[in-house]
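The values are calculated or read from the model by the stated rules, or taken from the named source; none is laboratory data. These figures come from a predicted structure and were not determined experimentally. Note that we place each Cβ from the backbone using ideal geometry, even for glycine, and neighbour counts take in every protein chain shown.
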Amino acid sequence: MPRRLSFGRGATLNQRETDVISRYPSGLRLTLLAVAAVTLLPAAAEAAGLAFRNDTDSPLLVQGVSIINRIARRGKLHVLPPGAVSRELVLVPCTVLISVADANQPSRILHQESIQFTGTDLFFAIQAEEPEQVQEKGKASDKATDRKAASKFKLVLLKPAAPSPPPAQRR
């Protein structure tokens, strides 16, 4: 009769079951875990992303849709308060459709742009376009045209900052 181990409240394991559980010693389990981590890390290290900064006065919603092999894959929906920065990881080079919407009225799309992502980090600033101030002297501007002029937004590609040199070591 096999020896039984009790774990309280009727849960027991016999010796054969514990032999199967402890077949791999803890050192080997740790080694297997380390090998799995090392094989998965290069994919994460090579992945680049898109970063967005809100340079407007209102909160915005930003979402990227990656188009890979004619299949659209939605990215995370980022809520950007004024001045905030958010980053989205993109694993493969593809076409990315970036949508910018008003956070107070999510159905109101402010800007849509399709970019070709090549695998390098891209940093975009979301800015309001300057409204055209060309008006005739005799005409007063109405609210509808002011709203249209104020609702134009653009994505401005910013050059990524050069990596800073490592700090000097003291001896």
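Tabulated data
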{"item": "Tally of residues being outside any loop (DSSP other than H, G, I, E, B) and touching a residue at least 24 places away in the same chain (Cβ under 8 Å) across region 91-114", "result": "12"}
{"item": "Filtered residues of region 63-90 (kept if in a loop (DSSP other than H, G, I, E, B) and either surrounded by 16 or more Cβ atoms within 10 Å (Cβ to Cβ) or not assigned by TED's automatic domain parsing to the domain that holds Ile126 (or both))", "result": "Gly75"}
